[in-house]
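Peer 1: A single structure is presented below for examination.
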Amino acid sequence: MKLVPLTAAAFFAATSVFAAGVPGGHFVENWDLDGNGSVSLAEVAERRSDIFATFDANENGSLDAEEYADFDEARRLDMESNGAGEGHGKGGMKMVQQGMKLNFNDADGDGVVTQDEFMAAVPKWFAMMDRTGDDVVDTQDFAKR
């Protein structure tokens, strides 16, 4: 059964005021699928799979340059619209942004990110974000060090 991808706007929509002013709050709010206040490796894997499906417009199992540009733009607009733009390149948010970039996910360097490449990057990305080393990503991982 094929899942119908969400629109980019719906995918990144904020659901509460939790994110406002809390470093990493927007990330946790959008990635914490069970609502327990932290994000597990399994939640990151599930969410990244959803993201891939959302932006693979031609459904060919890879994100080409145009699809990746759309992905980058949707993330930029999401950050701006949710007030998360300030400081998004610092601390824990730097790790979030780095793990979504084309060069991080394009393992073979061919300019196209396959679903396998995108998903294979999950453990490395999760480890980068889990700055406290407690096997979950929560707002503590985004605090200034």
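Quick note: the coordinates plus some simple rules give every number you see, no bench work behind them. On a predicted model such as this, the values are computed, not experimentally measured, just so you know. Glycine gets a Cβ as well: all are built from the backbone with ideal geometry, and neighbour counts include every protein chain shown.
Peer 1: So if each residue of separation counts as 0.36 nm, and I subtract the Cα-Cα distance between Thr132 and Glu59, what length gain in nm does that give? Please list the in-between numbers first.
Peer 2: Details: separation 73, 0.36 × 73 = 26.28 nm, distance 3.68 nm.
Extra length from Thr132 to Glu59 when fully extended: 22.6 nm.
Peer 1: Return the FRET efficiency for the residue pair Gln98, Glu66: r is the Cβ-Cβ distance, R0 is 25 Å, and the value is rounded to the nearest 0.05.
Peer 2: Values: r = 22 Å, r/R0 = 0.87.
After rounding, the FRET efficiency stands at 0.70.
Peer 1: Sticking with this structure for a sec: Within straight cross-link reach of Lys144, meaning Cα distance under 16 Å, which aspartates and glutamates are found once same-chain residues fewer than 8 apart are removed?
Peer 2: Glu86, Asp130
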